[in-house]
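Working notes, beginning with the structure itself.
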Amino acid sequence: MQQVSTPDLLSELQPWLANSVLLTETTADQIPTFWVAKKDLLTLCDAARYKLDKPFTFLFDLTAIDETTRQHMVLPQRQDFTVVYLLRSYERNQDVRIKVALDQNNKALASVTSIWPNANWYEREVWDLFGIKFDGHPCLRRIMMPTTWLGHPLCKTHPARATEMGEYSLSDDLRDIEQQALKFNPADWGLTPQGAPDEFMWLNLGPNHPSVHGVFRIMLQLDGEEIVEAIPDIGYHHRGAEKMGERQSWHSYIPYTDRIDYLGGVMNNLPYVMAIEKLAGIEVPERVKVIRVMMAEIFRILSHLLFYGTFAQDIGSLSPIFYMFVDREKLFAIVEAITGARMHPAWFRIGGLAADLPKGWDKMITEWLDYMPARMADYDQMVMQNSLVKKRAVGIGAYDTATAIEWGVTGPGLRATGFDWDLRKKRPYCGYENFDFDVPLGTRGDSYDRCAVRVAEIRQSMRIIRQCVQHMPEGPYKADHVLTTPPPKERTMQDIDTLIPHFLGVSWGPVIPAGEAMMEVEATKGSNAYYLTSDASTMSYRTRIRTPSFPHLQMIPVMAKGQMIADLIATIGSIDFVMADVDR
């Protein structure tokens with residue numbers, strides 16, 4: 001689908017701002033980017049969401065940048081902080097980036113939660129990590145850091161390493177304060193308890209419970225076993241992955257990306273290295289593209305198989321997960337033979353791959369592809385045709401397409417509603433336009449359909465991988481580019497002018513040109529994107545990781561209301577998330 005050009009979009013948006021002018025900015029990713037005055041933000045957002053012919057119904061991301069130490073591309077409109085909104089129109093197949101500049105002494109902005117409900121958690125995250133206040137937010141409290149935390153970690157003034165902070169000790173008094181802060185008080189969350197105290201009860205589900213798939217807490221207000229309110233509480237797995245991006249070289253950060261969706265393996269590397277390649281103008285060889293696609297689809301299968309087994313286990317079918325782990329082990333053996341590692345190979349590189357494919361790779365993959373269809377047929381009988389699974393999942397946790405878009409759902413959870421959107425088809429990247437595959441869709445948008453879509457995607461991924469094996473092009477496994485490939489060894493041994501760049505490139509890493517770029521992939525759990533800001537340095541100035549699981553968990557209150565507790569377990573299992581992908 002053809003994208004709308006920036007001038008056309010500007011002419012649509014500008015009339016809604018009678019007293020001010022939208023300023024444009026050119027970014028490396030070529031996403032139309034406009035600066036709007038703080039006072040006009042709500043007017044512009046309302047127009048983009050409701051008044052255009054093909055509106056921007058989806059708030060894809062909302063984040064901020066501390067500009068106080070930036071040295072390059074310091075535009076006149078930039079101030080101390082920038083709040084960034086990335087909006088998407090599915091009808092146009094078009095994104096637009098809105099930026100608002102804020103002064104250090106007036107870090108406040110109007111909330112857009114009345115326009116896009118899924119802005120709730122994003123605004124809380126920006127408040128927590130940058131200290132930017134959103135006026136009109138229904139419950140502006142910390143979301144990643146403990147409520148007792150001092151400071152805002154993504155500000156440039158906040159330490160990036162534990163060694164930069166004072167020695168930590170936990171006195172008895174401080175321990176009591178921390179324990180008190182963990183207690184749940186409904187009023188602190190903006191809740192007014194319903195009914196008489198003897199009619200309702202609050203139940204903590206988690207943060208350590210097998211059914212919540214990680215360190216994740218849901219506070220439930222119950223009327224008997226019926227859920228009246230469900231309040232997700234995240235942040236227990238937060239490790240400061242975005243802050244780490246500001247202290248690691250472009251190259252040395254690659255292994256950190258593996259730990260975001262830790263079931264996605266090299267799928268995590270892909271948007272990160274593609275964003276750097278976009279900033280640096282690096283074109284990768286065709287062989288690299290096909291190998292990247294093949295390995296990404298292998299990890300899609302590995303992730304979906306684990307989901308398949310654990311979802312069945314959550315709702316009472318224990319056997320399938322043991323069989324599926326056998327199949328995952330066979331596939332992990334192939335991953336290890338190719339990359340040298342299993343779950344976290346960190347194998348993709350800026351401009352290419354860590355190494356070429358080993359001898360015999362095609363035979364290993366082909367044998368697994370020939371072996372797997374019969375196993376999938378067995379799983380259909382064990383799980384998808386199981387009457388118990390159907391009773392526990394059909395009609396449970398259902399939502400329609402409009403609700404999914406309103407709350408930021410992407411990936412299989414969106415396609416389960418019947419909405420045909422797969423980034424690999426709509427905006428092909430990494431050569432996906434050259435592959436023949438279908439996009440599985442559901443009809444009800446319930447827990448069963450979310451599982452069925454992923455099962456069908458396993459088969460489509462196998463189809464893509466077979467095409468990779470049959471049509472693997474010859475050629476180099478990395479780009480011949482000064483920012484990614486060291487000079488030939490014979491030259492470094494002959495002249496100092498080649499040896500010095502080689503030494504600097506290997507020890508400090510490349511200097512990536514100043515600019516901004518976001519690259520997105522259709523990851524195992526939905527849309528995963530890296531929005532990178534470079535200040536012409538060997539390290540990222542700002543690393544923003546937009547993960548699918550973060551907005552997905554925000555939707556739990558919508559799906560859970562009126563359910564039984566047992567139904568909530570099936571609903572949670574059908575979302576398919578990992579907490580590292582949520583908390584980062």
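The table for this structure:
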read-out: Answer from Tyr272, Tyr256 - the residue that is assigned to a helix (DSSP H, G or I), surrounded by fewer than 24 Cβ atoms within 10 Å (Cβ to Cβ) and not aliphatic (A, V, I, L, M); value: Tyr256
read-out: Candidates His344, His237, His304 - the one that is touching an Asp or Glu at 6+ places or on another chain (Cβ under 7 Å), modelled with pLDDT of 90 or more and outside any helix (DSSP H, G or I); value: His344
read-out: Options Ala529, Ala536: the member that is in contact with a Pro (Cβ under 7 Å, 6 or more places away or on another chain) and on the phi > 0 side of the Ramachandran plot; value: Ala536
read-out: Restricting segment 311-336 to residues that are touching a helix residue (DSSP H, G or I) at 6+ places or on another chain (Cβ under 6 Å) and among the β-branched types (Val, Ile, Thr), the residue that is nearest to Gly360 (Cα to Cα); value: Ile334
read-out: Condition met for Phe348 (touching a helix residue (DSSP H, G or I) at 6+ places or on another chain (Cβ under 6 Å) and within 30 Å of His251 (Cα to Cα)); value: yes
read-out: The lone exception for Met295 - which of (1) of a type in the set (A, V, I, L, M, F, W, C); (2) crowded, with 17+ Cβ neighbours inside 10 Å; (3) more than 25 Å from Phe437 (Cβ to Cβ) it fails; value: (3)
read-out: Residues (assigned to a strand (DSSP E or B) and closer than 21 Å to Leu414 by Cβ) located in segment 501-538; value: Met518, Met519, Glu520, Val521, Glu522, Ser527, Asn528, Ala529, Tyr530, Tyr531
read-out: Answer from Phe56, Phe60 - the residue that is part of a strand (DSSP E or B), at negative phi and touching a strand residue (DSSP E or B) at 6+ places or on another chain (Cβ under 6 Å); value: Phe60
read-out: Pick from segment 156-173, criterion of a type outside the set (Lys, Arg) and surrounded by 12 or more Cβ atoms within 10 Å (Cβ to Cβ), ranking: modelled with the lowest pLDDT; value: Ala160
read-out: First in segment 2-13 and under 15 Å from Leu52 (Cα atoms) and among the aliphatic types (A, V, I, L, M), second anywhere and in a helix (DSSP H, G or I) and modelled with pLDDT of 55 or more, Cβ under 7 Å, 6 or more apart; value: Leu13/Leu44; Leu13/Ala47; Leu13/Ala48
read-out: Single condition Leu42 does not satisfy, out of (1) surrounded by fewer than 21 Cβ atoms within 10 Å (Cβ to Cβ); (2) part of a loop (DSSP other than H, G, I, E, B); (3) in contact with a strand residue (DSSP E or B) (Cβ under 6 Å, 6 or more places away or on another chain); (4) of a type outside the set (Asp, Glu); value: (2)
read-out: Which listed residue is aliphatic (A, V, I, L, M), part of a strand (DSSP E or B) and closer than 26 Å to Arg124 by Cβ, from Leu203, Leu150; value: Leu203
read-out: Residues satisfying the stated conditions in segment 315-326, i.e. in a helix (DSSP H, G or I), surrounded by fewer than 21 Cβ atoms within 10 Å (Cβ to Cβ) and of a type outside the set (Gly, Ala, Ser); value: Ile321, Phe322, Tyr323, Phe325, Val326
read-out: Sole exception among (1) at pLDDT below 90; (2) crowded, with 24+ Cβ neighbours inside 10 Å; (3) more than 20 Å from Arg300 (Cβ to Cβ) for Ala566, by number; value: (2)
read-out: Test: residue in segment 375-384 that is assigned to a loop (DSSP other than H, G, I, E, B) and buried (at least 21 other Cβ atoms within 10 Å of the Cβ); value: no
read-out: Hits in segment 339-348 (condition: in contact (Cβ under 8 Å) with a residue 24 or more places away in the chain and out of contact with any Phe, Trp or Tyr (no Cβ under 6 Å at 6 or more places or on another chain)); value: Met343, His344, Pro345, Ala346, Trp347, Phe348
read-out: Check on Gly475, closer than 30 Å to Thr366 by Cβ and either in contact with a Leu (Cβ under 8 Å, 6 or more places away or on another chain) or outside any helix (DSSP H, G or I) (or both); value: yes
read-out: Given (1) part of a helix (DSSP H, G or I); (2) within 24 Å of the chain's Cα centre (by Cα), index of the condition Gly445 fails; value: (1)
read-out: Tally, over segment 24-41, of residues that are more than 21 Å from the chain's Cα centre (by Cα), aliphatic (A, V, I, L, M) and under 24 Å from Asp535 (Cβ atoms); value: 1
read-out: Residue match in segment 529-539 (condition: in contact (Cβ under 8 Å) with a residue 12 or more places away in the chain, within 30 Å of Leu305 (Cβ to Cβ) and not hydroxyl-bearing (Ser, Thr, Tyr)); value: yes
read-out: So Lys489, is it at pLDDT 90 or above and of a type in the set (Lys, Arg); value: no
read-out: Test result for Ala560, at pLDDT below 90, in contact with a Leu (Cβ under 6 Å, 6 or more places away or on another chain), of a type in the set (Gly, Ala, Ser) and within 28 Å of His304 (Cβ to Cβ); value: yes
read-out: Members of segment 45-74 that are more than 20 Å from Asp95 (Cβ to Cβ) and either surrounded by 14 or more Cβ atoms within 10 Å (Cβ to Cβ) or touching a Cys at 6+ places or on another chain (Cβ under 7 Å) (or both); value: Asp66, Glu67, Arg70, Met73
read-out: So Val273, is it modelled with pLDDT of 90 or more, of a type in the set (Val, Ile, Thr), within 25 Å of Thr484 (Cα to Cα) and in the same structural domain as Arg450 (by TED's automatic domain parsing); value: yes
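This table checks each residue for (1) more than 30 Å from Asp29 (Cβ to Cβ); (2) free of Cβ contacts under 8 Å to residues at least 24 places away in the same chain; (3) charged (D, E, K, R).
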position: Pro412; (1), (2), (3): no, no, no
position: Arg415; (1), (2), (3): no, no, yes
position: Lys425; (1), (2), (3): no, yes, yes
position: Tyr429; (1), (2), (3): no, no, no
position: Asp436; (1), (2), (3): no, no, yes
position: Gly442; (1), (2), (3): yes, no, no
position: Cys451; (1), (2), (3): yes, no, no
position: Arg459; (1), (2), (3): yes, no, yes
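The values are calculated or read from the model by the stated rules, or taken from the named source; none is laboratory data. Keep in mind that what you see is a predicted model, and the values were worked out from it rather than measured. Because the Cβ atoms are built from the backbone with ideal geometry, glycine has one as well, and the counts that use them run over all protein chains shown.
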